[in-house]
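J.: I am attaching a structure below and will ask some questions about it afterwards.
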Amino acid sequence: MDRSGPSPSFRREIHFPAEAVQYVIEYAIWWDYEIGHLYEMEHVWIYVGHDGEVVDCEASFHGKVLRGLLKDRVNLAGRHVCLYSQPGKHAFSPLPVVFELLPDLYSAAGANAGCDGLLVNEMFKGYFETNEQIDASVRSFLQTKAFVPSMRFEEYLLEPDMFITWDELFTIIPGRIEKRLCELEFR
């Protein structure tokens, strides 16, 4: 985005001062599975200055937005911001200790695995749907994947061939959901 305006893939307005920021790169990061429900999409926004350097970063966190770049910028290596992803849930934070403040950190990945079945949010209404049978099947499958978060993290770099445009991603999401449901023998 080279001007302030609505995010194409997240319910928010992105505002930035044009004198300090040349553009914002929005990353919508897709996972076919999340421990609480089928699929997850989290976001990272990188604010780039007129000199091409990272000015700021924000990241999605359970439907909210957190600052992704620490004040002292210690989680910035060149043009790469280091973020942690909550085990099983995928929410982003620049500090892993933030996850330990969540009262359901362990139960979300354990006893509550699969609790939400197939998530159908506003963006995807009309593209796919769920019902009690699908939700029960997703819940049953995800309960077999329950785990106890170790809170040890490994570096994972997103490779250039993993990136596609938002329009391409939005177009393939319903098919990906259908494939996951077929693999789980729901269709």
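J.: Looking at Leu142, Leu118, Leu105 in this structure, which one is modelled with pLDDT of 95 or more and over 30 Å from Pro8 (Cβ atoms)?
T.: Of the residues listed, the single one that is modelled with pLDDT of 95 or more and over 30 Å from Pro8 (Cβ atoms) is Leu105.
J.: Moving to a separate point now. Can you pull out every residue in region 122-138 that is touching a residue at least 60 places away in the same chain (Cβ under 8 Å) and touching a strand residue (DSSP E or B) at 6+ places or on another chain (Cβ under 9 Å)?
T.: The answer is Met123, Val138.
J.: In region 104-187, which helices (runs of 4 or more DSSP H) lie fully inside it and hold 3 or more residues that are among the charged types (D, E, K, R) and surrounded by fewer than 18 Cβ atoms within 10 Å (Cβ to Cβ)?
T.: In region 104-187, 166-183 are the helices (runs of 4 or more DSSP H) which contain 3 or more residues that are among the charged types (D, E, K, R) and surrounded by fewer than 18 Cβ atoms within 10 Å (Cβ to Cβ).
J.: Just need a number here: residues in region 37-54 that are on the phi > 0 side of the Ramachandran plot and acidic (Asp, Glu).
T.: Summing the residues that are on the phi > 0 side of the Ramachandran plot and acidic (Asp, Glu) in region 37-54 gives 0.
J.: Okay, moving on. Go through the residues of region 134-155 one by one and say whether even a single one is of a type in the set (Val, Ile, Thr) and closer than 22 Å to Tyr47 by Cβ.
T.: Checked against the condition, which is being of a type in the set (Val, Ile, Thr) and closer than 22 Å to Tyr47 by Cβ, region 134-155 yields no hits at all.
The values are calculated or read from the model by the stated rules, or taken from the named source; none is laboratory data. These numbers were taken from a predicted model, which means no experiment stands behind them. Positions of Cβ are backbone-derived with ideal geometry, glycine not excepted, and every protein chain shown enters the neighbour counts.
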